[in-house]
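Accompanying notes for the structure given below.
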Amino acid sequence: MASLSFSSSVSSSTPFLRPSAFFLKPRSVSRLPLVRAKIREIFMPALSSTMTEGKIVSWVKSEGDVLSKGEPVVVVESDKADMDVETFYDGILAAIVVNDGETAPVGAPIGLLAETEDEIAEAKAKAAAQSSSAPSAAAPKVEESAPVATKVEAPAPAVAAAAPATPGKVVATPFAKKLAKQHKVDINKLVGTGPFGRITPEDVEKAAGITPAPKANVVAPAAPAASAATSAASPAKAATSFPEIPGSNVVPFTTMQSAVSKNMVESLSVPTFRVGYPVSTDALDALYEKVKPKGVTMTALLAKAAAMALVQHPVVNATCKDGKSFTYNSSINIAVAVAINGGLITPVLQDADKLDLYLLSQKWKELVEKARAKQLQPQEYNSGTFTLSNLGMFGVDRFDAILPPGQGAIMAVGASKPTVVADKDGFFSVKNKMLVNVTADHRIIYGADLAAFLQTFSKIIENPESLTM
């Protein structure tokens, strides 16, 4: 059994750990020149760049099982996929700290690995201590909430004392006056409960017999802590602004849904614009009928066409991450949106411009199977430089797509439908056309750039022989 040295040579002698493997470290650090690591903590690994916590899907091994280096031990659900996590060490799984179905932050211990049977009892004691420390750490938060509630009630006596300070004068907020007029309430007969006897909208609603919506508590502005409490109360107030529907139930986000929600909100900070372009698909439809028996999908055809167009318009494949510069990506990696149970994921066809159509189709089928089984590796879903979303297969004729964070553009492809068109001589005919909408980051891509890219894409689709070369 190899020993871990805590001298200056630790960093050079420790093997590089893949993101899909355990991040293990010794139980304690000593100042002695050399200490044998008998118990190692198994940490929640970071399986993607956006992952902040992981969920234990299932432990492949049980407590007491002997582990070999490179052997799968636990299945972890990240924000994108379920992944088998391997260990880089031989040993015994002495204790499981985070059980099936529970979550833990990245870097938190989820299990303990003992070197020999002699350390199992010590590892179990350590695991019990870690589990018991979690509730005790959360206890002060409950106690701290009590003073917050009392602070809200504190101004009440002052309001009552201040109310008669201006006898005979009615003081009301503009919204309270508006409500009083709407509900025909005599505002002169009301006793205000606001500061200095001011009549509030709640006073009017109470007089009109309207049950006010519950509001979040706000701490009186007397200390810096009050501003923190106010800011914390704001989201709660927004959340309670919608009436509850009887019989409804709240379902928490899955890890993947939380990641999708976070990315969608983040995308709102990017200034985007959209350009639509009609594309004739008669030639593409004919080619598809020829290559479909060979396993080629329409998604592969569209991805190949987009990649070939991006070669000629690299700015559409560029990325702006800091708002101060942009990067021309050296690879053209086409991410394609796929709906799966519990969320949405974008498997990536890497170097799509360099792969032939048949190899690209085969690769796409493999990615879809892995995506639906939640077995994608991080590089297979987080390396996209351009995204393709195809709802045309569902009969949707047009839609706009939201730009994924870290990319310059996303293409939304609608269904191909018969359309009456007129040629330059005024003769009418029916052709199949699909509408393509592209959403782009306006900080790096301009209207002329996107128009030129769509023209190139249209020419490739309308003359698709180059797709099979």
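Taking the 1.4 Å solvent-accessible surface of segment 425-469 as the whole, the part contributed by carbon and sulfur is 55%. Amide H contacts for LEU349 (H built 1.01 Å from N in the peptide plane; partners 5 or more residues away or on another chain; cut-off under 5 Å): ILE334, ALA335, VAL336.
Note on segment 396-446: percent of Cα-Cα distances in each 10 Å bin, starting at 0 and stopping at the bin with the largest distance, equals 24, 32, 25, 17, 2. The fraction of accessible area contributed by carbon and sulfur in segment 43-115 is 46 percent, rounded to a whole number (1.4 Å probe; ligands and nucleic acids excluded).
I'd like the distance between the alpha-carbon centres of segment 299-327 and segment 343-398, rounded to an integer number of Å. Result: 15 Å between the Cα centres. With every protein chain in place and a 1.4 angstrom probe, the accessible-area ranking of LYS363, LYS324, largest first, reads LYS324, LYS363. Translational diffusion of segment 293-388 was estimated from the Stokes-Einstein equation, with Rh taken as the Kirkwood radius over Cα pairs; at 4 °C and 1.567 mPa s the coefficient is 94 µm²/s. In terms of packing, defined here as the mean over residues of other Cβ atoms within 10 angstrom, the peptides 375-388, 247-260, 269-282 line up highest first as 375-388, 269-282, 247-260. Per residue, segment 316-469 exposes 49 Å² of solvent-accessible protein surface, assessed with a 1.4 angstrom probe and all protein chains in place. Under 5 Å between amide hydrogens, built in the peptide plane, is the criterion, and for ALA94 it picks out GLY64, LEU112, LEU113, ALA114 among residues at least 5 positions away or on other chains.
The share of C-alpha pairs in segment 85-127 whose separation exceeds 17 Å stands at 34 percent.
The values are calculated or read from the model by the stated rules, or taken from the named source; none is laboratory data. The model shown is predicted, which means the values in this text are computed figures rather than measured ones. Here the Cβ is made from the backbone with ideal geometry for all residues, glycine too, and neighbour counts use every protein chain on show. To get the accessible areas, we keep the full protein, side chains included, count just its heavy atoms, and leave off ligands, DNA and RNA. Shrake-Rupley method; radii C 1.70, N 1.55, O 1.52, S 1.80 Å.
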